[in-house]
Amino acid sequence: MVGVAENAVSAEHKAQAAAQAAAAKRDEQRAQLAHIPLPTKSLYVDVHEPGAWANPFISVDATMINLRVSMADANTSAVGRGTMLRPEAARRQEIQVRPGDLIEALIALPDGAWRYGRVVAVAESPLANRKDRPAIRRNVEAVIQQMNDLGIVVEEWPAR
């Protein structure tokens with residue numbers, strides 16, 4: 001009986017230590033994102049197309065996450081903006097990440113990728129099979145929970 005009780009106490013201490021480590025890691029990640037300003041909804045309230053979204057756009061699949069990032073134009077001059085000399089599509093990158101690496105990928109983004117502030121768009125992958133929809137929905141919910149834990153506002157598409 002004593003051995004079982006000691007094992008239970010040991011397991012409880014290990015669980016508490018793991019929870020404290022996870023909370024410390026989450027706090028560290030929040031601190032790394034703190035330099036990004038809070039979102040300004042007036043900047044993105046009229047954006048209705050995924051291609052026009054200027055902040056990180058997360059497309060969730062059954063096993064992978066596509067992170068689309070539009071970098072800010074390094075040239076602040078209005079001359080030639082959006083033309084062949086400075087196309088918007090040249091600053092857009094799409095990265096495939098595992099669900100466990102999403103937070104690190106967002107932390108690594110430069111400030112210019114967060115034009116609306118600390119807000120991301122999340123959508124189910126339109127290319128996924130119908131049989132994968134339940135798994136995709138679970139992944140979407142997990143991504144939304146991770147973003148909320150870090151203080152990132154989530155705009156779920158096509159909820160508008």
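Observations, loosely collected:
- Environment charge of residue 39, counting only residues whose C-beta is closer than 11 Å and scoring Lys/Arg +1, Asp/Glu -1: +2
- Here 136, 103 are placed in order of increasing Cβ neighbour count within 10 Å, fewest first, which gives 136, 103.
- For residue 94 and residue 7, the difference between the fully extended length at 0.36 nm per residue and the C-alpha to C-alpha distance is 26.6 nm.
- Listed by chain and number, the lysines whose C-alpha is less than 22 Å from the C-alpha of residue 131, apart from same-chain residues fewer than 8 away, amount to an empty set.
- Other residues whose C-beta falls under 15 angstrom from the C-beta of residue 132 contribute a net charge of +2, scoring Lys and Arg +1 and Asp and Glu -1.
- Signed unit charges on C-beta, dipole axis of segment 37-156, positive-most listed residue 146, 66, 113: 66
- Of the residues 147, 64, the one with the fewest other Cβ atoms within 10 Å heads the list, and the complete ranking is 64, 147.
- Here the relative contact order of segment 37-156, from alpha carbon pairs under 8 Å that lie six or more residues apart, stands at 35 percent.
Here, each number is a calculation from the coordinates, and none is a lab measurement. Please read these numbers as outputs of a predicted model, since none were measured by experiment. Cβ sites come from the backbone with ideal geometry, for glycine too, and all protein chains shown count toward neighbours.
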